[in-house]
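Student: The following block contains the structure, expressed as structure tokens.
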Amino acid sequence: MHNRIKLIREALNMTQKKFGERLGISRDVVANIEYNRVEIKDLMVKHICERYGINENWLTTGEGDMFLSEWQSNKKLDEAIAIFKELQPEFQDFALEQIRKLADLQEKQNAESD
């Protein structure tokens with residue numbers, strides 16, 4: 001299972017530190033799991049699956065798809081929300097303004113193509 005946890009982290013393009021932070025564990029714990037130095041508890045398996053939309057059967061047995069299909073379609077949205085939450089309020093305001101501008105631009109382009 002330790003190899004599959006590393007595969008998850010790499011598929012999410014995350015460092016051990018960032019992967020651990022979002023799970024509430026340290027980089028050292030992630031490294032110890034990945035190098036099979038510690039046994040991963042059932043509670044951590046469930047937490048990883050819930051946090052990252054992982055198929056628990058795949059994580060525990062290697063069978064099936066890594067990601068739950070409904071989660072994979074929202075992966076970009078989840079990433080954007082996670083990043084947005086970490087921003088300071090003034091940067092959140094700026095990011096929201098930019099998203100609104102992009103939405104307006106897309107709307108104009110769609111209107112022109114109709």
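The values are calculated or read from the model by the stated rules, or taken from the named source; none is laboratory data. Values in this document were obtained by computation on a predicted structure and should not be read as measured data. Because the Cβ atoms are built from the backbone with ideal geometry, glycine has one as well, and the counts that use them run over all protein chains shown. Surface accessibility is based on the protein's heavy atoms, side chains included, excluding ligands, DNA and RNA. Shrake-Rupley method; radii C 1.70, N 1.55, O 1.52, S 1.80 Å.
Student: What single numbered condition from (1) modelled with pLDDT under 95; (2) on the phi > 0 side of the Ramachandran plot; (3) open to solvent by 60 Å² or more (accessible area, probe 1.4 Å); (4) not β-branched (Val, Ile, Thr) fails to hold for Lys85?
Tutor: (2)
Residue-by-condition table, conditions (1) assigned to a helix (DSSP H, G or I); (2) open to solvent by 80 Å² or more (accessible area, probe 1.4 Å); (3) closer than 19 Å to Trp58 by Cα; (4) among the polar types (S, T, N, Q):
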| residue | (1), (2), (3), (4) |
| --- | --- |
| Ile5 | yes, no, yes, no |
| Glu10 | yes, yes, yes, no |
| Met14 | no, no, no, no |
| Arg22 | yes, no, no, no |
| Ile25 | no, no, no, no |
| Val29 | yes, no, no, no |
| Asn32 | yes, no, no, yes |
| Glu39 | no, yes, yes, no |
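Student: Let me ask another. State all residues of the stretch 59-79 that are assigned to a helix (DSSP H, G or I) and either modelled with pLDDT under 85 or under 21 Å from Ile25 (Cβ atoms) (or both); if no residue qualifies, say none. It would help to see each step written out before you state the result.
Tutor: First, pick out the residues of the stretch 59-79 that are assigned to a helix (DSSP H, G or I): 59-61, 69-72, 75-79.
Leu59, Thr60, Ser69, Glu70, Trp71, Gln72, Lys75, Lys76, Leu77, Asp78, Glu79 - these are the residues of the stretch 59-79 that are assigned to a helix (DSSP H, G or I) and either modelled with pLDDT under 85 or under 21 Å from Ile25 (Cβ atoms) (or both).
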